[in-house]
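Worksheet: one structure, shown below.
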C-alpha cells in the first residue's frame, strides 16, 4: 500500500474527522513516520535523491536539514490533500481567503484575454492541492487533470469539484485525456496540468536537457498541446510558508525566460528549467524525490542526435519571483 492509500483508509479518515484538523496534522505525521519505518526502501530513495542532487552544493549538515524538511513537506502535502477533499466548502473558502496571497492573477487575466484558453502549468510543489479550488473561487473556469489513489477520493473530489464549478479530467481515461485537454482549452478555460509527472513523461528522442543533474529527454506533452491549440501558457505555484500562509505565484512566458536568463528551444524546456531552479531554491516544497530516484534511460527517449543539452545552473533568489 502506498503512503497516499494508507493515509486514506476508512479508519484513518474517521479519526481525522473526529479529532479535528489541527490535531490531524500530528496524527498524519505519526502515520507517515510509521510508514517510512516499515518502507525503508522508499525512505532511502528520497534520502539518496537529495544526497545526489545536493552533494556538490551543500554541506552534509545542510543536506540532513533539507532531508528533514522534505519529509515534513511530504506530510504537509498529504494533510492539504485530505483537508482539501473533506473540509466543508464554506470553511475551505474562508481558509483560502485568509491564508492565500496571490501574485500575478493579472497575468492569468491577460492570458485569457487572448481567447485561446490557458494551460496553467504547475508541479508537485507546495500547496498544489489548493490551486484549482482557489482559482475556481476567484471566478475562473478551471479544468483540472487528476489521478486518484482511491475510489473514495475520486468520488469525494469529483463531488467537490462539481459543487465549485470545476471540471475534472480523470487521467485514468488514458489515451483520451489529451483530446479532452485540447477541447477544454478551445472552450477558453484554464486547464491545470503538472510538468513533473515523471512516470508519465513522453520523452523526446532529440530534445535533451539536464534536470536536477540527470540528463533526460524533454517531455513532449506541453509542447504538443501548445502547438495544437495556440493556448497561452503560464507557470503557477503555491509556495507554502506554513499551513496557514501561502503565496500563489503566476508567471508568464517573459517571467519564465527572465528566471532562466536565456532563450529556450521550446516552452516545455523553459518551464522545466524554471521549475528546476525553484526546486533547487526550496527543495522541501517538492515531493517527487522518490520518483526522481527512478529517472534513468527510460526518460531519455530513443537514441538520436542531441538537439538541446542544458547544464544545471544555480537559481536566483526566490524572493525576486514573489
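Assorted remarks:
- Enumerated strands (runs of 3 or more DSSP E) restricted to region 157-250, each holding at least 1 residues that are in contact with a helix residue (DSSP H, G or I) (Cβ under 7 Å, 6 or more places away or on another chain) and surrounded by 23 or more Cβ atoms within 10 Å (Cβ to Cβ): 190-194, 203-211, 214-219, 232-242
- Residues that are farther than 21 Å from residue 164 by Cα and either modelled with pLDDT under 95 or part of a loop (DSSP other than H, G, I, E, B) (or both) within region 79-106 comprise 103, 104, listed in sequence order.
Conditions (1) in contact with a helix residue (DSSP H, G or I) (Cβ under 6 Å, 6 or more places away or on another chain); (2) without any contact (Cβ under 8 Å) to a residue 12 or more places away in the chain; (3) under 25 Å from residue 295 (Cα atoms), marked per residue:
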| position | (1), (2), (3) |
| --- | --- |
| 3 | yes, no, yes |
| 9 | no, yes, no |
| 15 | no, no, no |
| 19 | no, yes, no |
| 40 | no, yes, yes |
| 58 | no, yes, yes |
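- Selected residue [within 30 Å of residue 210 (Cβ to Cβ), at pLDDT 95 or above, touching a helix residue (DSSP H, G or I) at 6+ places or on another chain (Cβ under 6 Å) and part of a helix (DSSP H, G or I)] from 36, 71: 36
- Under the condition of being assigned to a loop (DSSP other than H, G, I, E, B) and at pLDDT 95 or above, the residues counted in region 125-139 number 1.
Conditions tested, residue by residue: (1) surrounded by 14 or more Cβ atoms within 10 Å (Cβ to Cβ); (2) touching a strand residue (DSSP E or B) at 6+ places or on another chain (Cβ under 6 Å); (3) more than 18 Å from residue 126 (Cβ to Cβ).
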residue	(1), (2), (3)
1	no, no, yes
13	yes, no, yes
16	yes, no, yes
20	no, no, yes
48	yes, no, yes
52	yes, no, yes
61	no, no, yes
70	yes, no, no
75	yes, no, no
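- Top-ranked residue of region 255-295 - restricted to ones that are out of contact with any helix residue (DSSP H, G or I) (no Cβ under 7 Å at 6 or more places or on another chain) and in a helix (DSSP H, G or I), ranked as surrounded by the most Cβ atoms within 10 Å (Cβ to Cβ): 275
The values are calculated or read from the model by the stated rules, or taken from the named source; none is laboratory data. Predicted model only: the values in this text are computed from it and were never measured. Neighbour counts are summed over all protein chains in view; Cβ atoms, including those assigned to glycine, are modelled from backbone coordinates with ideal geometry.
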